[in-house]
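Contents: one structure, followed by commentary.
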Amino acid sequence: MDFTKEIATLIYAAANDTALSIESIVEMIEIPPNPEMGDYAFPCFKFAKAFRKAPPIIAKELCETINHGEFVSDIVANGGYINFFMDKACFAREVLQEIAQKGASYGKSTVGCGQNVLIDYSSPNIAKPFHVGHLRSTMIGNALYNIFNFIGYTSVGINHLGDWGTQFGKMIVAYKKWGDKETVEQEGVKELNRLYVKYHDAAKEQPSMDDEARSWFVKMQTGDDEALQLWKWFTDVSMIEFNKMYERLGVTFDSFAGESFYNDKMEAVVAELKEKHLLVESDGAMIVDLEKYNMPPCLILRRDGGTLYPTRDIAAAFYRKNTYDFSKCLYITALDQNLHFAQWFKVIGEMGYEWEKDLVHIPFGLVSLDTGKLSTREGNVVLMDDLLNEAVAKAANIIDEKNPSLENKQQVAEKVGIGAIVFNDLYNSRIKDVLFSMDKMINFEGETGPYVQYTHARASSVLGKASKVEGSTAQAIDYQLLTDESSVGVFKLLAQFNEKVVDAAYKYEPYIVTRYVVDLAQAFNRFYNENNILNCGDENLKQARLAVVDAVKTVLASGLTLLGIAAPDKM
RNA sequence: GUACCUGUAGCUCAGCAGGAUAGAGCAACGGCCUUCUAAGCCGUGGGUCGGGGGUUCGAAUCCCUUCAGGUACGCCA
């Protein structure tokens with residue numbers, strides 16, 4: 001039930017104004033800052049000019065002509081606003097019945113039906129460790145993937161792996177000089193990264209190594225067996241570890257087509273650019289001029305003819321458009337790549353493709369450590385494994401202290417510890433810079449992942465105890481018993497779920513779901529503290545309140561799932 | 001130099017396709033467990049929304065300007 005639309009329809013019928021539509025009224029409807037003022041409000045200020053009347057007079061006159069309909073108990077003019085009071089029992093019934101009936105599907109919609117949304121996220125570099133710098137792209141992308149699916153789109157998750165380039169030439173040189181098979185197999189990425197760092201130190205003294213590295217990369221490009229075998233092996237070793245991390249984080253992809261995949265697809269892009277007379281020579285390199293957009297030129301080919309980052313992204317965009325016919329293609333990367341995306345998006349436009357408008361860069365703020373910028377090469381990183389392990393260890397300690405008899409302690413600690421980190425990552429607008437803080441990330445109190453999980457576990461616990469005692473007695477619920485302020489507060493939030501998810505998708509902002517889930521948890525905890533459920537002494541009241549608990553549990557679980565966070569029943 | 005991002009309570013941030021007294025968490029202080037998980041709940045204090053102009057019946061929200069912090073600007077990705 002969409003109450004906003006219900007009210008808009010009532011207003012529309014009363015207003016009798018051809019300039020208005022139900023949709024435009026829906027957009028004008030607000031929720032008053034204070035529930036005592038009403039449940040929904042319609043501001044009349046905008047009509048002052050057209051009607052040549054003061055807003056309070058318009059509100060008063062219109063107010064008297066609006067039909068109450070099925071769900072509205074009272075309509076009051078207040079200043080320039082018309083305030084609507086819902087019939088609380090009806091409201092409770094509509095919300096609870098819909099959630100009980102739809103379960104985990106509650107809040108879903110079909111607004112994106114038949115449309116593919118591609119999401120390019122995570123995209124780590126092979127042979128480099130997975131560290132906190134990769135967390136944001138991975139989790140924002142994952143959450144958007146879930147959110148778009150939830151409102152009817154078909155999400156396609158793409159991990160555009162950094163699996164090609166001169167750095168592999170360097171890796172081969174380093175491996176042949178200092179590496180051995182056993183250590184790499186045992187230590188994995190850690191050893192590969194050690195070799196890579198060692199290479200850079202050595203190359204400072206001995207620049208001839210760079211020539212060697214370049215020639216190995218040329219061998220890779222020309223299909224040399226030894227070079228390709230080593231490259232493939234480095235990739236496999238890295239992927240084993242990345243996949244473990246993705247499994248731990250609960251993140252999946254539909255495609256791992258990375259840089260190497262587009263190797264043979266760039267030539268066609270260069271040819272098309274030439275054919276369309278967009279390619280211009282400049283200082284020996286080939287560029288697309290973007291002067292008219294007030295942007296620096298986009299580099300397509302190096303002086304030596306080699307391709308560049310934009311060349312590959314353009315080739316990938318064509319491949320994706322042809323393969324998936326996306327209605328949107330999202331790139332989840334840090335804000336510092338803003339110009340890069342703006343430039344090559346324009347190149348697509350210059351080539352005459354209208355789907356330039358469907359390419360969207362979704363930037364997020366920079367992550368830094370208190371010791372400065374993140375840098376794998378300089379060793380200024382916090383590894384994801386270390387971060388997750390620390391969070392899980394803390395969760396395990398708290399469980400030992402608060403709930404020592406809990407079964408499956410370790411599994412629950414894993415869910416709670418990782419949940420805390422993911423939640424923290426999705427708590428603010430993407431664009432905010434982040435100064436990494438271990439203490440903050442593994443905080444379990446206040447507006448945190450564990451807080452919401454805990455609320456969910458509480459709800460589960462009450463439901464479990466209720467069904468143990470008497471099983472499900474499917475009796476009719478008396479919704480008149482659920483008209484107290486804390487219950488209504490819960491229903492209002494439950495009714496907003498779909499709207500919030502759509503807003504999150506529209507703005508590409510998972511935090512809207514994160515904050516929603518916190519608000520719902522807060523409203524429920526208030527309800528829980530004010531109303532005794534199992535021992536309230538009245539069977540009808542108990543059944544009614546259990547229905548609230550059940551609905552909240554369902555929606556909290558849905559919300560957490562959208563964010564990529566587990567919702568344990570006990571903790 | 002040019003462009004982009006950010007600036008709201010001591011800290012971290014919501015609120016910004018304009019609307020009713022600017023909200024939350026943390027931190028501080030004070031209450032609440034013989035009853036459903038206290039990872040919780042309730043309460044108190046704390047803000048010239050970076051500064052200055054403008055548009056408007058109305059501006060944290062839109063426009064201009066200015067200051068501060070961050071980032072990017074050709075052969076890495």
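Peptides A:18-27, A:100-109: what's the order by average Cβ count within 10 Å, highest mean first?
The peptides rank, most packed first, as A:100-109, A:18-27.
So, by mean Cβ neighbours within 10 angstrom, what's the order for A:211-219, A:341-349 with the highest one leading?
By packing density, highest mean first, the sequence is A:341-349, A:211-219.
How big is Rg to Rh over region A:337-417, alpha-carbon atoms, Rh as the Kirkwood inverse-mean-distance radius?
1.29
Say each of A:CYS90 and A:GLU247 gets a label point 7 Å from the Cα, pointing the same way as Cα to Cβ; how far apart are those two points in nm?
5.4 nm
Find how much the distance from A:GLN480 to A:GLU226 grows on full extension, using 0.36 nm per residue of separation minus their present alpha carbon separation; answer in nm with one decimal.
Contour length minus the Cα-Cα distance gives 83.8 nm.
What residues have an amide H closer than 5 Å to that of A:SER155, excluding those fewer than 5 places away on the same chain, when H is modeled at 1.01 Å from N in the peptide plane?
Here the answer is A:VAL117, A:ASN149, since their amide H atoms fall under 5 Å of that of A:SER155.
Quote the charge dipole size of chain A about the Cα centre in Debye, to the nearest 20; the model charges only the Cβ of Lys and Arg (+1) and of Asp and Glu (-1).
The dipole magnitude comes to about 240 debye.
Looking at the calculated P(r) for region A:282-418, what percent of the C-alpha pair distances fall above 23 Å?
Here the tail beyond 23 Å accounts for 58 percent of pairs.
Determine, for each peptide in A:232-244, A:168-180, the mean count of other beta carbons within 10 angstrom over its residues, then list the peptides with the highest first.
A:168-180, A:232-244
Within the set A:LYS190/A:LYS415; A:LYS128/A:LYS394; A:LYS102/A:LYS415; A:LYS170/A:LYS265; A:LYS108/A:LYS328; A:LYS232/A:LYS415, which residue pairs have Cα atoms separated by over 31 Å?
Going by Cα-Cα distance, A:LYS232/A:LYS415 fall outside the 31 Å limit.
Mind checking the alpha-carbon convex hull of chain A and giving the volume per residue in Å³?
So the per-residue Cα hull volume is 194 Å³.
Between A:GLN101 and A:ALA48, what is the spin-label point distance in nm, taking each point 7 Å from the Cα along the Cα→C-beta axis?
With each label point 7 Å from Cα toward Cβ, the separation is 4.3 nm.
Where the centre of each part is set by its Cα atoms, how far does region A:21-79 sit from region A:496-571, in angstrom?
About 30 Å separates the Cα centre of region A:21-79 from the one of region A:496-571.
Quick one: what do you get for region A:456-560 if you divide its Cα Rg by 2.2 N^0.38 Å?
1.13
Tell me which residues come under 5 Å, amide H to amide H, from A:ILE362 once H is placed; ignore anything under 5 positions away on its chain.
Under 5 Å from the amide H of A:ILE362 lie the amide H atoms of A:TYR331, A:ILE332, A:THR333, each far enough along the sequence or on another chain.
For chain A, give me the percentage of DSSP beta bridges that are antiparallel, rounded to the nearest 5 percent.
Among the beta bridges of chain A, antiparallel pairing accounts for roughly 55 percent.
Identify the residues of region A:36-71 with backbone N under 15 Å of a label point that sits 7 angstrom from the Cα of A:ALA15 along the Cα-to-Cβ direction, or state none.
Flagged as within label range: A:41-52, A:55, A:58-67.
Regarding region A:119-232, what is the average projected area of its C-alpha convex hull, in nm²?
With the hull built on Cα positions only, its mean projection is 8.6 nm².
Out of the trypsin sites (Lys or Arg not before Pro) in region A:370-407, which ones are loop residues according to DSSP with at most 16 other C-beta atoms within 10 Å?
A:ARG377
How high is the FRET efficiency between A:LYS5 and A:SER208 when r is their beta carbon distance and R₀ equals 51 Å, given to the nearest 0.05?
Using R0 = 51 Å, I get an efficiency of 0.10.
Under the rule of at least 5 residues apart or a separate chain, name every residue whose amide H is placed under 5 Å from the amide H of A:SER375.
A:ASN380, A:VAL381
Place +1 on the Cβ of every Lys and Arg and -1 on the Cβ of every Asp and Glu in region A:343-482, take the dipole about the Cα centre, and give the residue among A:VAL434, A:ALA391, A:TYR454 whose Cα lies farthest towards its positive end.
A:TYR454
Compute the distance from the alpha-carbon center of region A:163-233 to that of region A:334-383, in whole Å.
Here the two parts' Cα centres lie 26 Å apart.
Values quoted throughout were computed directly from the atomic coordinates according to the rules given, and no laboratory measurement underlies them. Model, not experiment: these values are computed from the prediction. Backbone-built Cβ (ideal geometry, glycine too); neighbour counts: all protein chains shown.
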